[in-house]
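Contents: one structure, followed by commentary.
The values are calculated or read from the model by the stated rules, or taken from the named source; none is laboratory data. Note that this is a predicted model, so its numbers are computed, not measured. Cβ: placed from backbone, ideal geometry, glycine included. Neighbour counts: every protein chain shown. To get the accessible areas, we keep the full protein, side chains included, count just its heavy atoms, and leave off ligands, DNA and RNA. Shrake-Rupley method; radii C 1.70, N 1.55, O 1.52, S 1.80 Å.
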Amino acid sequence: MAAGTVDFVFEKAPEPVLHVEREYSKVATAEQCPNSNFLKGVKWSPDGACLLTASDDCWLRVFDLPADALERPSLEVGCAGGDGASASSDAGDPADSAAPALRVFEGETVYDYAWYPGMHASDPSSCVFASTSRAHPLRLWDAVTGGVRGSYRAYDAVDEVVAATSVAFSACGGRLLAGYNRCMRIWDVARPGRDYREIVTHRRRQDGLSGIVSCLAPNPDRSGLLAAGSYSGAAALFDENSGELLFLLAGHVGGVTQVAFSRDGNYLYTGARRDPDILCWDVRAASGVVYRLPRASGTTNQRIAFDIEPCGRHLVTGGENGCMRVFDLATGEPKASFPAAGDTLNGAHFHPSLPLLATASGHRRYPLAPSDSDSDAENGKPAFAGHGAQNALLVWRFQPETQRAADVVADAVEQAAAVDAAETKAKIKAPPADIRRYLKATGLIELRYIRKLSSLCAQTYYIKKLTEHSVLRRYKLKLVTTSLECAHVTADVPRTPAEAINEADAMATCPLQVEAASSEGASPDEGDAALTIEAEPQKTDLAAKDAKGPSPADLVAGRLAAAASAAAAAAAPLANNLSSVAAAAAGTVPMKAVTSQLQTAAAAGHSTAVATLATVTAAMQSTWDPERGKKAARANPTEWYVVDDAATTTRFFIIQGSDTLDHWRVNLTFDPVAFEDPSLGVKVHRGVYETAQVLYRRFLPLVQEHVAASPFAKVVFTGHSLGGSLGTLLMLMFLRRGILPPVALSPSYTFGAPAVFCEGTEPGMCGLNGQSGPTLLERLGLPSSAVRNVVMHNDIVPRAFACDYTLVANLLAHVGEGFRGHACLQNPNGRKVMYYFLGRVIVLQPDPEVSFVRGEPGHVMLPLGPGLYTLAEPSLLAAAASAAAGQLPAPPAVPMGAFTPMGANNISPKPAAVGRRDGAAAPSAASAAANPAGADSPVAVPAALGPPAPSLLDAVMELLDYPHPLETLREPASYGDEGTISRYHNPDNYTKALGTVEG
């Protein structure tokens, strides 16, 4: 069963595939459960292997997910919504389609329960959940054996055990959080007992969160932000580490019963009892309610749970009318509504990776007087006030979005075959457009500055070797800090069974059993694993890294090899060889049709279909990746360091590119999401944006400290590959959120960074469609030169999302809902791309004699020899001369007013000599063959190039499409550490190539 996330399709009603009701009704006697055995919500385990429920009979039950849940036929279950009776009766109820795999008796009323977030069925030591009940301490239960792993006790002023009313784990799983009356208490999961830290939520005569803390939720971005709700009717945001109250959110009519963050951590959703609305808050501002989501919960004190879809686009909630209601979180509007129970629907929870939804139903019912219940008593059943009781657990199957893509894949394959036939008939490919009129040689001073930034970016791959002395000696800069210095330090945990027993309260298990287990040939490490939960699993990964570390060449080669294996292996000449990711996904039912059709087309020799498979596989990877959502527990999602230039009061934030498979998962999680405020009308790459959110909180104090130190302070964000995209996003986030004014921002340079922006929210409104209006940079008060994207001539990584996506646009629209309304991709009249670059594009061509180029010819659209060109609008004089003579002028010099990074006293930069020591502009590779006499004088448009590009946008798009990345992926020589992909994306090679451009 594949893990990952999946988009749900709500246009069609879901089908029930699992129904459990008798399990809860058989104990509902007047003696055992006088108020009917209603359920108290339902929760999937983090790995989706099982379900956890609590009910009024004080039992916790664990159900395993059947292996055939996606294939089994739907069930006939009575789900009359509203006040109507359930369609089933006890005599006619179908047998339960699943029995509990585990039952745990709490002894008293269960208040709350939560799964350990790192739980995975393949690791029994992680299979635990926590619960709290009346008059009992918090307990950590083994989900396999049902035993108590540990208990966590809180005491009041008279040293009596106090029961928690809510429980949750921290985002990383290392802490156990519990709510009490006017306070919260936090334990280290690995240290059961009474050793806890207390956060007081309210003090007398002071503002705060008063009342009983009824619900808790940590922010999933691991920023330490903790949300808490209270029966007083308010919610609050706290700093989990310091306990500081950040915001108090008041707006509910009744007591708050649930708080939940959006998947990106930017919004908080709160629900309350006797309140008909779920409220949405923006935690970045917390200035008021963003919108309200109405539901049927205005007359009940019962906790009615809601849940957010794994991909973060929709929210589902229950209600007193027994209907599940779905909302679109982008707009706050209702999406769909389906009857799900003949009773109150009090719980709904999405499966983390499959198109399944679990629901729980029932509510408290009071027994009638004996005189009113004679007939039922004769039958051995209690009589309750009201009808339609349905205390049941159901699992519903939705149609996954990828299943609908199967039909579209067939169309894509046919389209690919038609394209192949057309290419075969034409025999030749259309020549690229002539873009020379838009090429402008980069100024000498800027060239030197770009060389320096490129070298700094390459140093992120040697971050363990960076020292203050080396940075000062080589760059004349002061090293401020690095990601290694700011890494999260984990708490020490017991290393032996004896230490665990001594530090706990001896309730985890019997000491004799622990000692016996540890003496039965188990190593100390094995014993520890059986007793403790690894709070920071990445700690061992960090320790396992080689202290010396691989070179950037090794990192980039390994990264690109991983990408090729994960997203483009099928583009190799062995066309019937599906990539590893697609092969893994092919085992799931929705993917079988998709992958089989593509594989058949590839085996049949449709080369375009083979190339298309790489893009399709990447899209499927972003939906079905088994590791999606399991971010590293450490504080830094990528490596970085910060340096200061005292001479110019500039602070440089330098961010590393992708050097791990986790970073490539960020690259492949490329569905679009709104950037900052939806009113901006800009969408960005989701994976990069989520990573930037984490880095923003890490960089915030460093930025504020620097800006406060001098009124002339400047900040620069730069990086290679993924790091460059992160730098651009961070610059705009600090500007948009008011931390940095435009005057404090120096241009952001990226090196080999993928495009991650789409300036348009509706198809046809994208800037690529020729729509006029201010760009995002202009609306934020920045010039177009504020972002400068350096792209090597044959580097496919910057082209990955900015190349032509026409062939797979329709297919991607069915892979995920976010792609259907993506303006850049669904452009009816313009180019279809995934994302585009902000600011300017600077193309770099290295000297063919440099070692990594190996004598390969230069780009056909660029002049011969090494050069660094900014793509910009031609001067009026050059354009007029070109139009009058029908000729194209040599690239003009960089215009006056271009960026001068070394200060305001700079002279206007002269153009760098491009390809020749005498400073003259060199002809293109195509024109050299067409004009052997030389290129010192204007030359006519060569036959090897097409007509001139009509606009700057067309010139950039032509360059990004030639060659198309998928054509590069077809070639076997592209892969490996010596392949063209790795050589032209290597950060060290960017620096070498810049060194060959002469000044």
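General observations
- Residue within the stretch 433-444 that is surrounded by fewer than 24 Cβ atoms within 10 Å (Cβ to Cβ), in a loop (DSSP other than H, G, I, E, B), of a type in the set (Gly, Ala, Ser) and modelled with pLDDT of 85 or more present: yes
- Of all residues in the stretch 296-307, those that are open to solvent by 30 Å² or more (accessible area, probe 1.4 Å) have Cβ atoms under 6 Å from Cβ atoms of residues that are part of a strand (DSSP E or B) and small (Gly, Ala, Ser), 6 or more apart or on another chain, in ALA296/GLY319.
- Check on LEU209, under 27 Å from THR691 (Cα atoms) and surrounded by 24 or more Cβ atoms within 10 Å (Cβ to Cβ): no
- Within the stretch 249-265, the set of residues being closer than 14 Å to ILE278 by Cβ and open to solvent by 30 Å² or more (accessible area, probe 1.4 Å) comprises GLY251, VAL253, GLN258.
- Flag if ALA336 is part of a loop (DSSP other than H, G, I, E, B) and touching a residue at least 40 places away in the same chain (Cβ under 8 Å): no
- Residue check, LEU226 touching a residue at least 24 places away in the same chain (Cβ under 8 Å), on the phi < 0 side of the Ramachandran plot and under 26 Å from the mean Cα position of the chain (by Cα): yes
- The stretch 164-182 - residue that is touching an Asp or Glu at 6+ places or on another chain (Cβ under 8 Å) and farther than 15 Å from ALA228 by Cβ and, of those, most open to solvent (accessible area, probe 1.4 Å): CYS172
Residue by residue, here is whether (1) in a strand (DSSP E or B); (2) at pLDDT 95 or above; (3) touching a His at 6+ places or on another chain (Cβ under 9 Å) holds:
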site: ALA99; (1), (2), (3): no, no, no
site: GLY107; (1), (2), (3): no, no, yes
site: TYR111; (1), (2), (3): yes, yes, no
site: ALA130; (1), (2), (3): yes, yes, no
site: LEU140; (1), (2), (3): yes, yes, no
site: VAL144; (1), (2), (3): no, no, no
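- Test result for LEU245, at pLDDT 90 or above, open to solvent by 20 Å² or more (accessible area, probe 1.4 Å), aliphatic (A, V, I, L, M) and within 30 Å of TYR689 (Cα to Cα): yes
- Pairs, first acidic (Asp, Glu) in the stretch 123-146, second part of a strand (DSSP E or B) and loosely packed, with under 14 Cβ neighbours inside 10 Å, C-beta under 9 Å, six or more apart: none
- Considering ALA341, ALA360, the condition of being among the aliphatic types (A, V, I, L, M), open to solvent by less than 30 Å² (accessible area, probe 1.4 Å), within 27 Å of PRO100 (Cβ to Cβ) and modelled with pLDDT of 90 or more is satisfied by ALA360 alone.
- Any chance GLY318 is crowded, with 21+ Cβ neighbours inside 10 Å and not polar (S, T, N, Q): yes
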